[in-house]
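For reference, the structure is listed below as structure tokens.
The values are calculated or read from the model by the stated rules, or taken from the named source; none is laboratory data. Computed from a predicted model, the values in this text were never measured in an experiment. Positions of Cβ are backbone-derived with ideal geometry, glycine not excepted, and every protein chain shown enters the neighbour counts.
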């Protein structure tokens with residue numbers, strides 16, 4: 001950036017003005033790679049302005065000061081400086097940038113309503129100024145806010161508008177950004193194949209344009225997506241490429257993230273020492289960046305590694321530290337996971353009462369998180385409706401696929417959003433209260449839908465029915481409370497072992513069902529064999545030293561079945577075969 005020196009009064013020293021402008025220019029150049037250094041330069045420039053009465057130079061100084069603070073996570077200070085800057089009535093180009101940055105800050109602070117208000121103001125002003133870059137930034141900010149509120153549909157719609165805007169202008173750089181953001185939405189929703197496709201398209205654009213900053217981020221995203229798909233070699237390759245690029249660019253945030261992704265993959269491969277070292281390196285960077293949220297996630301991962309290495313004292317101390325960081329940094333996910341892994345620590349130490357207490361805390365936080373997500377989604381719907389009503393006459397109406405120019409159309413849209421929210425709430429009701437898995441009603445409903453789809457599109461659909469062996473004996477011998485704990489623990493093992501399963505449900509009593517779309521019976525049976533071995537090998541001594549739990553599993557894809565009921569019956573027949581053959585095995589067939 002460059003600035004012309006304004007006319008100064010005789011009391012102001014020209015050398016001081018030149019120094020201010022030089023500091024602002026240099027700070028702008030180093031801002032992305034070293035925000036701490038940029039903040040030092042902005043602070044020096046602010047002091048010079050105050051000492052020499054350079055009031056007219058304060059606007060770019062405050063802008064650099066606020067952006068540096070934002071990048072360092074000093075959100076309260078950044079907000080105060082942006083409010084001061086906007087109150088001084090800056091020129092409009094600087095105002096639209098400041099409004100967008102204020103939206104970013106407020107989103108980080110959880111002030112979603114105010115963030116959306118400022119993004120909308122920035123969008124309106126950018127459109128009036130024909131500033132396409134800031135218009136794109138405002139749209140991205142709005143989408144990111146809805147993403148934070150778990151309103152993935154709203155976020156996807158806005159990112160699609162960003163994509164259309166970028167393609168309409170022939171702006172390949174902005175197109176790459178939009179593709180990457182859309183990929184993040186699909187990744188969060190679990191549509192890994194679609195996320196992979198969007199990240200790859202964005203990467204191709206970034207490489208073609210030579211945008212190495214975004215290339216590093218997208219390679220990192222591809223590494224994480226491949227990790228989620230259990231494609232470990234591809235995950236390692238992409239994450240390593242992202243790490244090398246980030247180090248070359250001195251992009252510390254992406255470097256830390258890539259190290260964390262590599263650690264996850266090595267952990268999945270059982271290479272715990274390598275995963276531990278990578279996580280420690282990532283943790284050191286995040287602490288330098290004062291990123292408490294990610295610091296908590298990394299401490300949880302390190303605690304898990306110590307747990308797997310049977311270093312229970314190290315696991316306990318690391319997880320307790322993670323708990324403190326998660327609470328202070330507002331990381332609900334890490335806060336919840338800590339209690340789950342502390343429960344395992346206490347189980348291994350033979351402190352079963354403490355283990356049960358930690359597991360209860362984990363369950364309570366899980367329920368609270370679901371409730372918070374519902375509240376955020378409801379807030380997102382309300383904010384979106386109010387924003388649309390308030391800005392009906394402005395160009396912001398272009399944010400819809402069709403232009404909403406009348407209040408009745410906005411109300412219709414709100415009704416549709418409310419219907420979707422009710423459907424999501426209904427889905428939450430369809431869970432089994434003990435295991436938190438889906439219940440039989442939801443299973444039947446979704447299996448019927450998937451069955452019809454599989455026959456229309458001609459892909460295999462497998463169902464597994466699982467029965468806990470001799471469960472009545474567990475209840476009679478060890479108590480019904482012990483039986484309930486076995487059911488809940490088994491449900492956790494299902495989710496951990498088969499994260500790719502479309503539906504895991506409690507079918508009734510001690511019987512469970514798992515649905516595998518686009519999966520033949522032999523492949524589904526192989527996954528179920530991993531599950532059987534995991535349950536048999538699990539340490540159940542936290543319930544009782546003599547307790548052994550095994551399962552019998554029947555799997556079928558029944559290509560000739562006329563309906564989903566017959567598919568379930570086929571799986572049930574193979575389950576019967578498994579129990580007839582002395583249980584603790586998987587039987588399958590077509």
How many residues of segment 559-590 are within 19 Å of residue 526 (Cβ to Cβ) and out of contact with any strand residue (DSSP E or B) (no Cβ under 8 Å at 6 or more places or on another chain)? The answer is 1
Does at least one position in segment 186-207 carry a residue that is over 30 Å from residue 502 (Cα atoms) and either modelled with pLDDT under 90 or not in a helix (DSSP H, G or I) (or both)? no
Can you tell me which residues in segment 114-132 are farther than 10 Å from residue 100 by Cβ and surrounded by fewer than 22 Cβ atoms within 10 Å (Cβ to Cβ)? 114, 117, 124, 127, 128, 129, 130, 131, 132
Restricting segment 133-148 to residues that are within 23 Å of residue 332 (Cβ to Cβ) and buried (at least 24 other Cβ atoms within 10 Å of the Cβ), the one farthest from the chain's Cα centre (by Cα) turns out to be 141
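Going by the conditions given, is residue 247 surrounded by fewer than 22 Cβ atoms within 10 Å (Cβ to Cβ), modelled with pLDDT under 95, touching a helix residue (DSSP H, G or I) at 6+ places or on another chain (Cβ under 8 Å) and part of a helix (DSSP H, G or I)?
yes
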Just checking, how many residues over segment 549-590 are assigned to a loop (DSSP other than H, G, I, E, B), within 22 Å of residue 474 (Cβ to Cβ) and in contact with a helix residue (DSSP H, G or I) (Cβ under 8 Å, 6 or more places away or on another chain)? 4
Residue pairs, Cβ under 6 Å, 6 or more apart or interchain, first in segment 268-280 and in a helix (DSSP H, G or I), second surrounded by fewer than 16 Cβ atoms within 10 Å (Cβ to Cβ). List them. 272/308; 272/309
Only one of (1) within 21 Å of residue 281 (Cα to Cα); (2) buried (at least 18 other Cβ atoms within 10 Å of the Cβ) does not apply to residue 215, and that is (1)
Search segment 17-42 for residues being under 19 Å from residue 80 (Cα atoms) and surrounded by fewer than 17 Cβ atoms within 10 Å (Cβ to Cβ), and hand back the single one that is farthest from the chain's Cα centre (by Cα). 40
Please find, within segment 440-463, the residue that is surrounded by the most Cβ atoms within 10 Å (Cβ to Cβ) out of those that are in contact with a helix residue (DSSP H, G or I) (Cβ under 9 Å, 6 or more places away or on another chain) and in a loop (DSSP other than H, G, I, E, B). 460
Quick one: is residue 507 touching a strand residue (DSSP E or B) at 6+ places or on another chain (Cβ under 6 Å), modelled with pLDDT under 95 and either more than 30 Å from residue 304 (Cβ to Cβ) or surrounded by 15 or more Cβ atoms within 10 Å (Cβ to Cβ) (or both)? yes
How many residues does segment 478-488 hold that are surrounded by fewer than 16 Cβ atoms within 10 Å (Cβ to Cβ), in a helix (DSSP H, G or I) and without any contact (Cβ under 8 Å) to a residue 40 or more places away in the chain? 2
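Residue-by-condition table, conditions (1) part of a loop (DSSP other than H, G, I, E, B); (2) modelled with pLDDT under 85; (3) touching a helix residue (DSSP H, G or I) at 6+ places or on another chain (Cβ under 8 Å):
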residue	(1), (2), (3)
414	no, yes, yes
423	no, yes, no
427	no, yes, yes
434	yes, no, yes
465	no, no, yes
490	no, no, yes
